[in-house]
1. Residues of the stretch A:1-47 being surrounded by 17 or more Cβ atoms within 10 Å (Cβ to Cβ) and not in a strand (DSSP E or B), which ones?
2. Does A:Y49 satisfy the condition of being within 13 Å of A:A93 (Cβ to Cβ) and touching a residue at least 24 places away in the same chain (Cβ under 8 Å)?
3. Examine the stretch A:58-78 for a residue that is more than 10 Å from chain B (Cβ to nearest Cβ), within 30 Å of B:Q6 (Cα to Cα) and modelled with pLDDT under 90, and state whether such a residue exists.
4. Considering only residues that are at positive phi and not in a loop (DSSP other than H, G, I, E, B), which ones fall in the stretch B:40-83?
5. Condition test on B:I47, is it β-branched (V, I, T), within 20 Å of A:S94 (Cα to Cα) and either free of Cβ contacts under 8 Å to residues at least 60 places away in the same chain or within 12 Å of chain A (Cβ to nearest Cβ) (or both)?
6. Within the stretch A:31-54, which residues are over 12 Å from the mean Cα position of the chain (by Cα), more than 7 Å from chain B (Cβ to nearest Cβ) and more than 15 Å from A:L70 (Cα to Cα)?
7. Residue by residue through the stretch B:28-46, note down the ones that are among the β-branched types (V, I, T) and either modelled with pLDDT of 95 or more or more than 15 Å from the chain's Cα centre (by Cα) (or both).
Amino acid sequence: EAGVVQSPRYKIIEKKQPVAFWCNPISGHNTLYWYLQNLGQGPELLIRYENEEAVDDSQLPKDRFSAERLKGVDSTLKIQPAELGDSAVYLCASSLGPMNTEAFFGQGTRLTVV
Amino acid sequence: LAKTTQPISMDSYEGQEVNITCSHNNIATNDYITWYQQFPSQGPRFIIQGYKTKVTNEVASLFIPADRKSSTLSLPRVSLSDTAVYYCLQDRGSTLGRLYFGRGTQLTVWP
């Protein structure tokens, strides 16, 4: 069975440009997470979905970040415009549901803003 | 956020048993303790989860004392490939729950 798939694996953009990350969770997983990980730090939650509903987006910088999970499956995270400080690894994870804390992570997208 | 405290780094040698302790003084009645492992350039990977006493799987053991204010992840006979960051999470598993990672413990295994 395929795990959580993220694309692209790497992305380099100039500041002020838009960027989008895509995530395909494990089939049947209702809960989807987007995390941001800076070098030397643990992952930090940006947003959590239960099916297509964003149930926890308190950590998402809504002035430049947006996310969607149409039909409760794939998800896209967008940054517009990107800033130098957005350089980090963006991780997507999924789990069967909110009561199951075994989350499965993708390999992440490493974003470099220059 | 439910935060835990663990050492920033640990060193060990191949073949030794490694014990990583995590403190979670504010653990709630319905919180579980979960450990994840992360290798460079990869996402975290679930290792083990427990509520109290001892849990063992093919990878590790997790010891949680009666007061549940701390826990210990035990890795038997580590190898070089166990070099990774280990995260201790305290999670409610409810609709209000989230996975809070903290900085984790960098375990380095030497030959």
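The values are calculated or read from the model by the stated rules, or taken from the named source; none is laboratory data. All values reported here derive from a predicted model rather than from experimental measurement. Note: ideal-geometry Cβ built from the backbone for every residue, glycine included; neighbour counts use all protein chains shown.
1. Within the stretch A:1-47, A:V4, A:P25, A:I26, A:H29, A:N30, A:G42, A:P43 meet the criteria.
2. Yes: the conditions hold for A:Y49.
3. Start the filter on the stretch A:58-78 by keeping residues that are more than 10 Å from chain B (Cβ to nearest Cβ), which leaves A:60-78.
From what's left, within 30 Å of B:Q6 (Cα to Cα): A:60-61.
Checking the rest, the ones that are also modelled with pLDDT under 90 come to none.
So far as the stretch A:58-78 goes, no, none of its residues is more than 10 Å from chain B (Cβ to nearest Cβ), within 30 Å of B:Q6 (Cα to Cα) and modelled with pLDDT under 90.
4. Restricting attention to the stretch B:40-83, the residues satisfying the condition of being at positive phi are B:41, B:53, B:68, B:77.
Residue satisfying the conditions is B:T53 alone.
5. Yes; evaluated as a whole, the condition is true for this residue.
6. Hits for the stretch A:31-54 are A:N38, A:L39, A:G40.
7. Listed by number, the list holds a single entry, B:T29.
Residue-by-condition table, conditions (1) away from chain A (no Cβ under 14 Å); (2) modelled with pLDDT under 95; (3) within 19 Å of B:S9 (Cα to Cα):
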site	(1), (2), (3)
B:T53	yes, yes, no
B:L62	no, no, yes
B:K69	yes, yes, no
B:T72	yes, no, yes
B:L80	yes, no, yes
